[in-house]
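Notes for the one structure printed next.
The values are calculated or read from the model by the stated rules, or taken from the named source; none is laboratory data. Keep in mind the model is a prediction, meaning the values are calculated, not measured. In this analysis, Cβ positions are derived from the backbone assuming ideal geometry, glycine residues included, and neighbour counts consider all displayed protein chains.
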Amino acid sequence: MRRPRQSATQRNATATEPPVRAKSSPTAGKPYRQRFAATSLISDCPESKIGRRLRDDLQQAYDLIQSGLARATAAASSVHGTLRLGVMGALGHESRPVIEAFRARHPDCEVEITEFHFSEPFARLRSGEVDVQLMWLPVREPDLTAGPVVLTEGRVLGVAEGSDLASRESVSMEDLGGRTLLNPGTRTPDYWIEAMLPKHTPGGRLIPRGSTARTFHEVLALIAAGQIVSPLNAHVGRYYTHPGVAYVPIRDAPLTEWALVWPTTNQSPPLRAFVQTARDLGPRPINNDTT
């Protein structure tokens, strides 16, 4: 079919009709900087320098985080085997929070608990039988390092049930004057044992020494027999009952601090990791409430 011809007037009208324009956007007519600064950093706009600086700073921070994670992963993977921890009596139980936290961080490393006695406080450390011990402070030995405090507690006086002190609600350090204490023997440094068994009261009265004992159960037997009285750490009242022995709080005794102690030359990964775990957790008071 043939199309109808257009007249000259129609052809001229079509040629001069303006083209249809697209609908203008909300940002049309706004400055270049205002349109793009919020969404992108264009190389030829002022924000690009700030953006590049921010990118570089963030990249450095990211690299530091990644390298820190890599070091932590490498350190954790090197902690394996067995860590041998020396404790006195029930303190192995009281050390559970640190041990459990260490095992959670380093599942490839076991903790083996070994008991040592106050009569030979440093022998197992120096012989290499244990890697680290939990000991009351102070420890001032040239070949040993005293590290973070793990536990703290008060003190009680162990007396025979028939003693005039047994019925008291509490006693003072001055009450030890004229009472006979344990003779700890010759293998304990004076400064260390005297932190628990002083030779004088705060007022200067002499506290004599009596029978010798090597283990804690021997100490309890001497107390029950009325041969000695003995300041003890308060947790013994919770863990140790003995016929004929009463425990009386010492109201003005110094606080006992139990800290990790190890040979200075021992820098093994398990030891360093265990010490760091204890340091991260911080000191914990022993709860001796038996009610």
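Structure above, values below:
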read-out: GLU141 being among the acidic types (Asp, Glu) and buried (at least 19 other Cβ atoms within 10 Å of the Cβ); value: no
read-out: Where a residue in region 268-279 is over 16 Å from GLY81 (Cα atoms) and its partner, wherever it lies, is part of a helix (DSSP H, G or I) and of a type in the set (A, V, I, L, M), with Cβ under 8 Å and at least six apart; value: THR277/VAL98; THR277/ALA101; ALA278/VAL98
read-out: Residue among ARG187, ARG179, ARG205 that alone is under 32 Å from the mean Cα position of the chain (by Cα) and of a type in the set (Lys, Arg); value: ARG187
read-out: Subset tally (residues that are touching a residue at least 40 places away in the same chain (Cβ under 8 Å) and at positive phi) for region 190-205; value: 0
read-out: Selection status of LEU222, at pLDDT 95 or above, aliphatic (A, V, I, L, M), part of a loop (DSSP other than H, G, I, E, B) and not assigned by TED's automatic domain parsing to the domain that holds VAL261; value: no
